[in-house]
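The next block holds one structure in the form of structure tokens; read it before the comments.
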Amino acid sequence: MTAFVTSLRLTAATLLVCVGGYTTLILVLAQLVTPHTANGSLVTRADGTVIGSERIAQAFSEPRWFWPRPSAVGYNGAGAGGSNKSPTSADLTERGRQVVAAHGATAARPLPADLAAASGSGLDPHITEAAALYQIARVAAARGVPPDRLERLVRERAFAPGGFLTHERIVSVLELNLALER
Amino acid sequence: MDAILLILLIVGGATALSWPLGRYLRWAMDPVSLDGPAARFDRLFRAIGGRTTGADQDWKRYCIALLAFNVVMFGVCFAVLALQQWLPLNPDGKEALEGSLIFNTTASFTSNTNLQHYSGEVSLSYCSQLAALMWLQFVSAATGIAALTAMARGLAGRPVLGNFFVDVQRATFLVLLPLAVVLATAMVCGGMPMTLQGAVKATTLEGVEQVIARGPLAAFLAIKQLGTNGGGFFGPNSTHPFENPSFFTNVLSTIAIVLLPMASVWMFGRIVGRMRHATVVFAVMMALLLAKLAGAVAWEQAPTQAFAALPIAQDIGNLEGKELRFGAAAGPLWAVATTCTSNGSVNCMHDSLNPLTGLVPLAGMWLNATFGGVGVGMINMFVYIVLAVFVAGMMVGRTPEYLQRRVEMREVKLAVLAMFAHALFILGGTALFACTPWGTGTLNNVGAHGFSEILYEFSSASANNGSGFEGLGDNTVPWNVATGLVMLLARYIPIVLPLAIAGSLAKRRATASSAGTLAVDTPTFGVMLLATILFLGALTFFPAAALGPIAEHLQFIK
């Protein structure tokens, strides 16, 4: 019985310090030091309405935008997830076929794989630089802008996420599309 | 090349940090001198516990205290989850949870497993996430560290194992809390959200509405990684861009997964006073870790088989279920680290790993002692050590000894029982669910991969890991009850039995070491230990592996 009394006292102490104190400390720190990212890196219009988050993929399907990777959850920011399909699954082949058709990929001009494979969260905001360059022809035609301007746009914004530790360069889809609007 | 550099950075960095941390753990958990700061902390912890904290405990009383505290942990968590719709800090109006899901989630976090049959941003309020789950991420991890400390004291020949109520506070307040503050601060600087505001409604550039869930991520993530907990704030865990925003948060998170399990080995060595023995054990664990890393990283470079016949350029390996910002090798690397230890967080979807890559996390959970869970990983390794000492003794015809104490029938029986329980929970559970609609009605993939989903779920529950082949529709009453029970039994049996072994060894008279003593601090013993682990693991689990990942590989991969 005494063991339970002691356990209850420990419960109160650990709840107070590790939940109350610790959370408050980190919360205050984050809101003071990095308020923008601490609240979800939101992107807003001039009138203050929220467009989305820099870090969260959103759906783009019209030809005049750069398109993100497929999302198994339909870009649901309040219910993220992956396809959880085996890489040998026929369902993935079917999705691959649809994406290939949407992008008009051919054997001569194959689609970069990240545009066919869904991410784990379904909210990956990035595509590879190759995947962005791949889409330039479509976006340029839809907007009537010269392709080399779009290429410069992509190359300026692409980055290696781990510096010298990663050789694959990636680029944020929302950032590209916001730049198109400007 | 990228992969090798990344492995060097993460494994090397964690190893380098684990050494000073092991020294600190010894200072914090088992103070040598009872004056100075250690004594002041001790007085404080006894004051918090009250007069009932009591004196030092033998192994039985220590276990009773541990179980009593864990019962209270279970009760508090269950109550918070069950009442969440009426409690504060619920900006998104999360509603009541179903009964068996509450049981499963409570068992999961009390047992340091963090198996998730719910999806955080869909089902839980901030109060549930913080006061129930994050709280247990501190105190369940602390329970493991306390148990290892007690076991090490027994093996050092001390007649009493210390006081659980003091030990668990040392682990919480002196070890986990400061580390969590440091890591959470780093994560805040790395761009991780930390807010109590609810979800935000956005109107996208194409004019569609998108609801974006947020929350107190940085605080939650730090202790999730450090305490080998692994329960994600969001459903897809550390794949989520808020829960793992960049390459650098990913590197730090991966280091945090293995850091305390590594340091636990050094703490064990310091308390039993055998650093050379601890070095041999550490080397065996490291050999297993590196072997698994090599396999997983290599196999995951194979492209997605399902796209093979399509005009898709696959030059960075299998990308299904992976995020681009972590780099190509980060997924399999994390998958190995999180299952060698009993962490269970993920940064890619294990269900979508190539078949043989998926076998590596399974093997990690079957062995469950490649650094393992905080504290309990070294306890699991101790069970293997007892068996290795016994087998070696039989081979050369000598009475087996460990740390100058004779290992007799009782100890070997208890060790075998602990091993057997793990195998029974995994294979028995898988067999039951593979031949009933309880399991077969919940699969997301067909054929051998479907079998792997069931096998993975029980392996994860029994290893107190918590990761999953998440396609499995596991939020059903049979899954919730079965894995809930497995998690609880698989948590406390492998803590109580080794403590019983340590308790009985502690009472035995120390034998003088002689030329005939089996040395446990030589490379020879390391090889013996490694062989024991591999043979036991392979003999027990190979048939199941052959039916799942290996069958799928042979069937599909050309």
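The values are calculated or read from the model by the stated rules, or taken from the named source; none is laboratory data. Bear in mind that the values here come from a model prediction, so they are computed numbers and not experimental data. Every residue, glycine as well, gets a Cβ built from its backbone with ideal geometry; the counts of neighbours run over all protein chains shown. Just so you know, the surface numbers come from the protein's heavy atoms only, side chains and all, with ligands and any DNA or RNA stripped out. Shrake-Rupley method; radii C 1.70, N 1.55, O 1.52, S 1.80 Å.
Some points to look at:
- Taking the range A:106-138 as the range and being within 20 Å of A:S83 (Cβ to Cβ) and of a type in the set (G, A, S) as the test, the residues that pass are A:A113, A:A116, A:A117, A:A118, A:S119, A:G120, A:S121, A:G122, A:A131.
Residue-by-condition table, conditions (1) touching a residue at least 40 places away in the same chain (Cβ under 8 Å); (2) in contact with a strand residue (DSSP E or B) (Cβ under 9 Å, 6 or more places away or on another chain); (3) open to solvent by 20 Å² or more (accessible area, probe 1.4 Å):
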position	(1), (2), (3)
A:T37	no, no, yes
A:P70	yes, no, yes
A:V73	yes, no, yes
A:N76	yes, yes, yes
A:K85	no, no, yes
A:D91	no, no, yes
A:V100	no, yes, no
A:G120	no, yes, no
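- Of all residues making up the range B:355-389, the number that are assigned to a loop (DSSP other than H, G, I, E, B), farther than 16 Å from B:T254 by Cβ and open to solvent by less than 10 Å² (accessible area, probe 1.4 Å): 4
- Taking helices (runs of 4 or more DSSP H) as the structural unit, those lying wholly within the range B:208-321 and holding at least 3 residues that are within 24 Å of B:T357 (Cβ to Cβ) and hydrophobic (A, V, I, L, M, F, W, C) correspond to B:247-272, B:275-299.
- All of B:G162, B:G154 fail the test of being away from chain A (no Cβ under 14 Å) and in contact with a Lys or Arg (Cβ under 6 Å, 6 or more places away or on another chain), apart from B:G162.
- Check on B:S264, of a type in the set (S, T, Y) and within 30 Å of A:P68 (Cα to Cα): no
- Looking only at the range B:467-508, and only at residues there that are charged (D, E, K, R) and not in a loop (DSSP other than H, G, I, E, B), the one that is farthest from the chain's Cα centre (by Cα): B:K507
- Residue count, the range A:111-152 (criterion: among the aliphatic types (A, V, I, L, M), away from chain B (no Cβ under 14 Å) and under 22 Å from A:H167 (Cβ atoms)): 1
- Qualifying positions in the range B:446-460 - over 25 Å from the mean Cα position of the chain (by Cα) and within 21 Å of B:G364 (Cβ to Cβ): B:A448
- Subset of the range B:34-90 (residues that are modelled with pLDDT under 90, in a helix (DSSP H, G or I) and more than 20 Å from B:A142 (Cβ to Cβ)): B:A39, B:R51
- Boolean, A:L10 is open to solvent by less than 10 Å² (accessible area, probe 1.4 Å), part of a helix (DSSP H, G or I) and out of contact with any Cys (no Cβ under 9 Å at 6 or more places or on another chain): yes
- Those residues of the range B:470-521 which are among the small types (G, A, S) and closer than 21 Å to B:L427 by Cα, in sequence order: B:G471, B:G473, B:A482, B:G484, B:A490
- On the stretch given as the range B:390-424, residues that are open to solvent by less than 20 Å² (accessible area, probe 1.4 Å) and either without any contact (Cβ under 8 Å) to a residue 60 or more places away in the chain or in contact with a Lys or Arg (Cβ under 6 Å, 6 or more places away or on another chain) (or both) total 1.
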